[in-house]
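Comments concern the structure below.
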Amino acid sequence: MVKSDYDKFAEEFSRTREQPWKEVSDFLETLPKNSQILDIGCGNGRHLIEAKKRGLNAVGLDISKNLLKIAKKKTGAHLVLGNALALPFRDRTFDNSICIAVVHHFGTQSSQKLAERHDFKDEKDRIQALKEAARVSKSAILISVWAFEQKNFAKRKSQDIQLEWNKKFPRFYHLFKEGELDALAKKAGLKVKKSWREGNNYWAKIRS
């Protein structure tokens with residue numbers, strides 16, 4: 001999935017992403033007021049709204065300019081067009097970060113045709129995404145990824161899949177098995193403070 005594809009269906013995608021994740025709201029509730037927060041892959045800004053309600057100073061980053069336009073209308077927050085693999089911020093700019101439903105989209109891209117553009121077994125980009133989140137954060141980062149062990153994928157053997165948005169735009173997912181997110185964080189040189197599964201997702205609080 002490239003940013004031009006997100007831009008093409010940003011409005012429709014946004015309508016399916018109105019409610020904040022409870023796990024994110026709970027995490028934000030624990031943070032001191034006026035904390036500096038980065039939402040990596042902020043989409044339409046639904047979690048930026050939650051941060052503002054709690055008196056937090058949040059910045060949103062996304063690869064899709066059209067999703068950022070929607071987020072600007074909804075939140076009025078400071079927004080940045082950028083890539084989670086190379087965050088355009090100095091080290092330790094933020095107190096905390098959230099990275100929700102982003103890391104599972106990363107595999108190393110090649111120049112081959114779309115159906116073959118990812119080397120599914122290569123976790124290099126997933127590790128890089130965690131390192132970047134930790135680099136710009138002073139304290140904890142909240143991460144979520146899709147779980148392999150969910151009913152929707154009971155018949156699938158591979159952890160690496162492509163699902164089409166509205167039957168038009170293929171999106172790559174690496175589905176995480178139990179313990180894999182923890183292991184990935186450790187490969188990135190980070191510490192796992194807490195990890196758990198909730199429904200179809202694995203969650204982790206990590207820090208450097």
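Which residues, taken from the stretch 63-86, are part of a strand (DSSP E or B), in contact (Cβ under 8 Å) with a residue 40 or more places away in the chain and surrounded by 21 or more Cβ atoms within 10 Å (Cβ to Cβ)? So that I can check it myself, show each step before the final result.
Step one: list which residues in the stretch 63-86 are part of a strand (DSSP E or B), which gives 78-81, 83, 86.
Right, trim to in contact (Cβ under 8 Å) with a residue 40 or more places away in the chain and you get 86.
Those that are part of a strand (DSSP E or B), in contact (Cβ under 8 Å) with a residue 40 or more places away in the chain and surrounded by 21 or more Cβ atoms within 10 Å (Cβ to Cβ): none in the stretch 63-86.
Which residues, counting only those in the stretch 12-36, are of a type in the set (Gly, Ala, Ser), within 16 Å of the chain's Cα centre (by Cα) and at pLDDT 95 or above?
Ser25 - this is the single residue of the stretch 12-36 that is of a type in the set (Gly, Ala, Ser), within 16 Å of the chain's Cα centre (by Cα) and at pLDDT 95 or above.
In the set Ser208, Ser137, Ser195, Ser158, which member is of a type in the set (Ser, Thr, Tyr) and within 17 Å of Phe106 (Cβ to Cβ)?
Ser158
Quick check on Leu181: is it out of contact with any Cys (no Cβ under 7 Å at 6 or more places or on another chain) and surrounded by 16 or more Cβ atoms within 10 Å (Cβ to Cβ)?
Yes.
Which one of these does Phe169 not meet: (1) out of contact with any Ser or Thr (no Cβ under 8 Å at 6 or more places or on another chain); (2) surrounded by 16 or more Cβ atoms within 10 Å (Cβ to Cβ); (3) in contact (Cβ under 8 Å) with a residue 24 or more places away in the chain; (4) closer than 27 Å to Leu31 by Cβ?
(4)
Pick from the stretch 133-166 the residues that are among the polar types (S, T, N, Q) and more than 17 Å from Cys99 (Cα to Cα): which of them is surrounded by the fewest Cβ atoms within 10 Å (Cβ to Cβ)? Even if it seems obvious, please write down each step before you answer.
Step one: of the stretch 133-166, the residues among the polar types (S, T, N, Q) are 137, 139, 144, 150, 152, 158-159, 162, 166.
Keeping just the survivors that are more than 17 Å from Cys99 (Cα to Cα) gives 150, 152, 158-159, 162, 166.
Working: Gln150: 14, Asn152: 11, Ser158: 11, Gln159: 17, Gln162: 15, Asn166: 9.
Result: Asn166.
Which members of the stretch 52-61 meet the condition of being crowded, with 22+ Cβ neighbours inside 10 Å and either free of Cβ contacts under 8 Å to residues at least 24 places away in the same chain or in a loop (DSSP other than H, G, I, E, B) (or both)?
Result: Ala58, Gly60.
Before we move on, is Arg156 in a loop (DSSP other than H, G, I, E, B), basic (Lys, Arg) and under 22 Å from Asp122 (Cβ atoms)?
Against the criterion (in a loop (DSSP other than H, G, I, E, B), basic (Lys, Arg) and under 22 Å from Asp122 (Cβ atoms)), Arg156 qualifies.
Could you check, for the stretch 136-146, whether at least one of its residues is hydroxyl-bearing (Ser, Thr, Tyr), under 20 Å from Ser64 (Cα atoms) and at pLDDT 90 or above?
yes
Against the condition among the small types (Gly, Ala, Ser), out of contact with any Pro (no Cβ under 6 Å at 6 or more places or on another chain), touching a residue at least 24 places away in the same chain (Cβ under 8 Å) and in a strand (DSSP E or B), how does Ala185 come out, does it pass?
Judged against the criteria, Ala185 is not a match.
The values are calculated or read from the model by the stated rules, or taken from the named source; none is laboratory data. Please read all numbers here as calculations on a predicted model, not as lab measurements. Cβ atoms come from the backbone with ideal geometry, glycine included; neighbour counts cover every protein chain shown.
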